[in-house]
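The next block holds one structure in the form of structure tokens; read it before the comments.
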Amino acid sequence: MHELSLADSMVQEIEAIMEKEGAEKVFSVTVKMGRLSGVEKEPFEFAFPIVAEGTKLEKSKLIIEESPVIVKCKDCMTETVLETPFAKCGNCGSRNVDYISGKEFLIKSLEIE
Ligand SMILES: [Zn+2]
């Protein structure tokens, strides 16, 4: 399960931040997860407490914010929130678009003590 190794590297990353900040406890971790990030929400929620066990992140709360998939049209500069996997401008129908949201997977914030 690829979410398990992702959760594992995230826990390591947070532990490194905690060390730097001199933090002892993490109350909550907020993760931003794009719908196209390739990470599944449920398996990640399942994996996180498993890898957090025995670390300073044990019992910390995981909050996942799913971000929508947004593209920006290079022809008419309109931003479109995609409801389908097909990247297309909602204004002019062009396929000449850039992803500006939806592929990210990152730690948005940490509540530490
Ligand atoms: Zn357009």
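Brief remarks on what is shown
- Counting only strands (runs of 3 or more DSSP E) wholly contained in the range 70-113, the ones carrying 3 or more residues that are surrounded by fewer than 16 Cβ atoms within 10 Å (Cβ to Cβ) occupy 97-101, 105-112.
- So E113, is it more than 16 Å from the ligand (Cβ to nearest atom) and either touching a strand residue (DSSP E or B) at 6+ places or on another chain (Cβ under 6 Å) or modelled with pLDDT of 95 or more (or both): no
- Candidates K74, K59: the one that is within 16 Å of the ligand (Cβ to nearest atom) and either within 21 Å of the chain's Cα centre (by Cα) or farther than 18 Å from E15 by Cα (or both) is K74.
- Selected residue (only one of V39, V97, V29, V69 is within 13 Å of the ligand (Cβ to nearest atom), of a type in the set (A, V, I, L, M) and either farther than 23 Å from L6 by Cβ or under 15 Å from the mean Cα position of the chain (by Cα) (or both)): V97
The values are calculated or read from the model by the stated rules, or taken from the named source; none is laboratory data. Keep in mind that what you see is a predicted model, and the values were worked out from it rather than measured. With ideal geometry, Cβ positions are generated from the backbone for all residues, glycine too; neighbour counts draw on all protein chains shown.
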